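Peer 1: Can you keep this structure in mind? I'll have questions shortly.
The values are calculated or read from the model by the stated rules, or taken from the named source; none is laboratory data. None of the values given here were measured: they were computed from a predicted structure. Cβ sites come from the backbone with ideal geometry, for glycine too, and all protein chains shown count toward neighbours.
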Amino acid sequence: MFGLSKKETKKDDEDISQEEQEYIDSKKGTNPYGMIVFFMGGLSFMKGYTYVFIPIITIIFGIITYRTYDKEKEDNPFPFYIGILLALIGIFTFITHQTPIFA
């Protein structure tokens, strides 16, 4: 998942034409930091009611790495937004002493 992107794996493929290569290069990718924030947000949502440091780290990491988002190269910033929102919900459940249904 965090290894080579589809663009990078297709660049090494010698069986594709120049048109296909240009099409692959024109596609937008996903910011890897956004995906990390997204998964950390999910972990914060699941375990934030017990371990409050996970949502706090997620929010700090998400705010700092949001600046790496480039509108011309990446697809959308929503992994950052969703990850930070899930971390805020994790902090809220910690403050109100609630536990999720799945716990």
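Peer 1: Tell me which helices (runs of 4 or more DSSP H) are completely within the stretch 16-103 and hold 2 or more residues being modelled with pLDDT of 95 or more, or say none if there are none.
Peer 2: Details: elements: 18-26, 32-47, 53-65, 78-95.
In the stretch 16-103, the matching helices (runs of 4 or more DSSP H) lie at 32-47, 53-65, 78-95.
Peer 1: With the requirement that a residue be surrounded by 22 or more Cβ atoms within 10 Å (Cβ to Cβ), under 17 Å from F92 (Cβ atoms) and of a type in the set (V, I, T), what does the stretch 36-58 give you?
Peer 2: T58
Peer 1: Give all pairs with beta carbons closer than 9 Å in which a residue from the stretch 12-35 that is more than 25 Å from Y66 (Cα to Cα) and surrounded by fewer than 10 Cβ atoms within 10 Å (Cβ to Cβ) meets a residue that is at pLDDT below 80 and not hydroxyl-bearing (S, T, Y); count only pairs at least 6 apart in sequence or on separate chains.
Peer 2: What qualifies is D12/L4.
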